[in-house]
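The block underneath contains the structure these notes are about, expressed in structure tokens.
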Ligand SMILES: Nc1ncnc2c1ncn2[C@@H]1O[C@H](COP(=O)(O)OP(=O)(O)O)[C@@H](O)[C@H]1O
Ligand SMILES: [Mg+2]
């Protein structure tokens, strides 16, 4: 859907050239949520601004649905931008306009008549959950509500793509989750392609299908989120993945639980996405006559399933323990019995 | 009682002078507003990194604005006499004061407009661009709307300065309260006339200040 070829943006400074985006090539599929992660200054914002040419590329090519964006003249570019929604870290709402008027702004730009505009705005207000706040001014809204207005505004002209530049970075964790949920539901409902820029791994983990890791203007790693999580190759990627599982597993603390006792077994469960259900542990406890004692670990939910490691103690008859381990295995989770070395 | 305190004040003259002062102020505020907005927009838009970024035009505009701001108003009136004569066909009366009033205060207001526009969040302009807005949409629906309270505040300050200018213009025959205070008051040693004119001018200033603050507050939704 979006094809980016050898895209570069260089800023010419007095004494040096900044290669903000350096020879980036990517293919982004229709309907996917594509994440770009990188540290501050990696070139993420410049990259996303190149996609609607708020920044003019130094070289390279962007095609959206077989149409070259980089070749478009001024007027055609303006029309095309109406089909590329964008949301921002600091929301960038017009404070002199109400919620309703802010959402209607892109429709005014597109030249829609008042009646159709009203229908569209009402629909969008419903979609982002701001019913009753139509006549509020941005200054009367919370951060999360402001971003909802931003999202509604970005969706007004039925865009093909939504660009998000650090859309949740100014929000508290709870509000961040709400906004991310909203983005996922929009992605599903409208089959909207979303390109999302962030420096926070949990944002990628929570909603993205694929991820690109940027460093010094280059994409150093790209792939399915789960694959990148399980098997990060680059050093930067590894550091980002580690943001998510700060609890280093501590084998020392497991020692006390590992005994000769036949009716107790410490096992390591390795979730690698796929079919494993969130309720697996409670299912085991319900279906088998065992106690499941969770010792340590961390599990992350991604769009492609659960990922992470869990250490549990199974307490029950030997045969039942075996049966439950088989059940877990069949659910697509790797099971490994932990013994004292 | 009043007649005892103000033996030389002729009410009819005072009202006429008040009317003339208001006439000069209102018309020149309108003219200053239009010319100031145009110059202020030009200063802002041609500045580096902005929509019409252009060093030459920016430099010329800034120079014109600075030069006219540097000329003392009383001298500006004298310099503009031929221009006024050509434009208004007279160099006396309230009408003749208008060109000097507008040309004298528009550069001042232009700078205030420029400052107001600079305060508009760059991110909001960027957002409008990302929606495919045309330049005139950005100017009229984003820049001027988002800076409205500051534009009104600046206009209030300018209007009050203009009331002062009308009094100066009065001294060389523009009419209005300044004229009355100087010709009938000061020249004829009628201190009561000077005092009455002062009270009226202060009242006008207060009304403008109050109205400006009121409007500015009403439209400020930040
Ligand atoms: N307009 C600009 N002029 C000069 N340098 C810029 C400009 N915009 C960004 N840069 C530089 O490009 C690099 C990437 O910036 P940016 O895309 O904002 O990174 P990120 O969003 O990942 O933090 C930085 O070194 C930044 O200083
Ligand atoms: Mg950034």
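The values are calculated or read from the model by the stated rules, or taken from the named source; none is laboratory data. Everything numeric in this text was worked out from a predicted model, so none of it was measured. Using ideal geometry, Cβ is built from the backbone for each residue, glycine included, and neighbour counts are taken over all protein chains shown.
Worth pointing out:
- Qualifying residue in the range B:208-219 (condition: under 30 Å from residue A:146 (Cα atoms) and not in a helix (DSSP H, G or I)): no
- Residue satisfying condition, being free of Cβ contacts under 8 Å to residues at least 60 places away in the same chain, in contact with a helix residue (DSSP H, G or I) (Cβ under 6 Å, 6 or more places away or on another chain) and either surrounded by fewer than 22 Cβ atoms within 10 Å (Cβ to Cβ) or farther than 24 Å from residue A:155 by Cβ (or both), within set A:227, A:215, A:221: A:221
- Filtered residues of the range A:9-23 (kept if within 12 Å of ligand 1 (Cβ to nearest atom) and touching a residue at least 24 places away in the same chain (Cβ under 8 Å)): A:9, A:10, A:19, A:20, A:21, A:22
- Filter pass, residue A:156 being at the interface with another protein chain (Cβ under 9 Å from one of its Cβ atoms), within 23 Å of the chain's Cα centre (by Cα) and in contact (Cβ under 8 Å) with a residue 40 or more places away in the chain: yes
- The set of residues in the range A:92-103 that are more than 9 Å from every other protein chain (Cβ to nearest Cβ), touching a helix residue (DSSP H, G or I) at 6+ places or on another chain (Cβ under 7 Å) and surrounded by fewer than 23 Cβ atoms within 10 Å (Cβ to Cβ) contains only A:100.
- Reported count of residues in the range A:42-56, each being more than 14 Å from ligand 2 (Cβ to nearest atom) and out of contact with any strand residue (DSSP E or B) (no Cβ under 6 Å at 6 or more places or on another chain), is 2.
- Residue list for the range A:71-84, filter: farther than 26 Å from residue A:223 by Cβ and touching a strand residue (DSSP E or B) at 6+ places or on another chain (Cβ under 8 Å): A:80, A:83
- Scanning the range A:67-85 for residues that are within 15 Å of ligand 2 (Cβ to nearest atom), within 11 Å of chain B (Cβ to nearest Cβ) and either in contact (Cβ under 8 Å) with a residue 40 or more places away in the chain or under 30 Å from residue B:217 (Cβ atoms) (or both) turns up nothing.
- Contact annotation: residue pairs with Cβ atoms under 6 Å, 6 or more positions apart or on different chains, pairing a residue in the range A:43-59 that is within 11 Å of chain B (Cβ to nearest Cβ) with a partner that is within 10 Å of ligand 1 (Cβ to nearest atom) and part of a loop (DSSP other than H, G, I, E, B), are A:49/A:55.
- Of all the residues in the range A:141-181, those that are part of a loop (DSSP other than H, G, I, E, B) and either outside the structural domain of residue A:31 (by TED's automatic domain parsing) or closer than 20 Å to residue A:195 by Cβ (or both) number 11.
- Per the listing A:122, A:113, the residue uniquely in the same structural domain as residue A:79 (by TED's automatic domain parsing) and either crowded, with 19+ Cβ neighbours inside 10 Å or under 20 Å from residue B:141 (Cβ atoms) (or both) is A:113.
- The condition of being more than 14 Å from chain B (Cβ to nearest Cβ), under 26 Å from residue A:185 (Cβ atoms), within 16 Å of ligand 2 (Cβ to nearest atom) and under 21 Å from the mean Cα position of the chain (by Cα) holds for only one of A:35, A:31, that being A:35.
- Count - residues of the range A:60-91 that are surrounded by fewer than 21 Cβ atoms within 10 Å (Cβ to Cβ) and within 16 Å of ligand 1 (Cβ to nearest atom): 3
- Top-ranked residue of the range A:230-264 - restricted to ones that are within 16 Å of ligand 1 (Cβ to nearest atom) and surrounded by 17 or more Cβ atoms within 10 Å (Cβ to Cβ), ranked as modelled with the lowest pLDDT: A:240
- Listing of helices (runs of 4 or more DSSP H) fully contained in the range B:68-156 that carry 3 or more residues being away from chain A (no Cβ under 11 Å) and more than 27 Å from residue A:153 (Cβ to Cβ): B:73-79, B:81-88, B:94-118
- Meeting the requirement of 3 or more residues that are closer than 16 Å to residue A:40 by Cβ, within 16 Å of ligand 2 (Cβ to nearest atom) and away from every other protein chain (no Cβ under 14 Å), the strands (runs of 3 or more DSSP E) wholly within the range A:188-227 are A:210-215.
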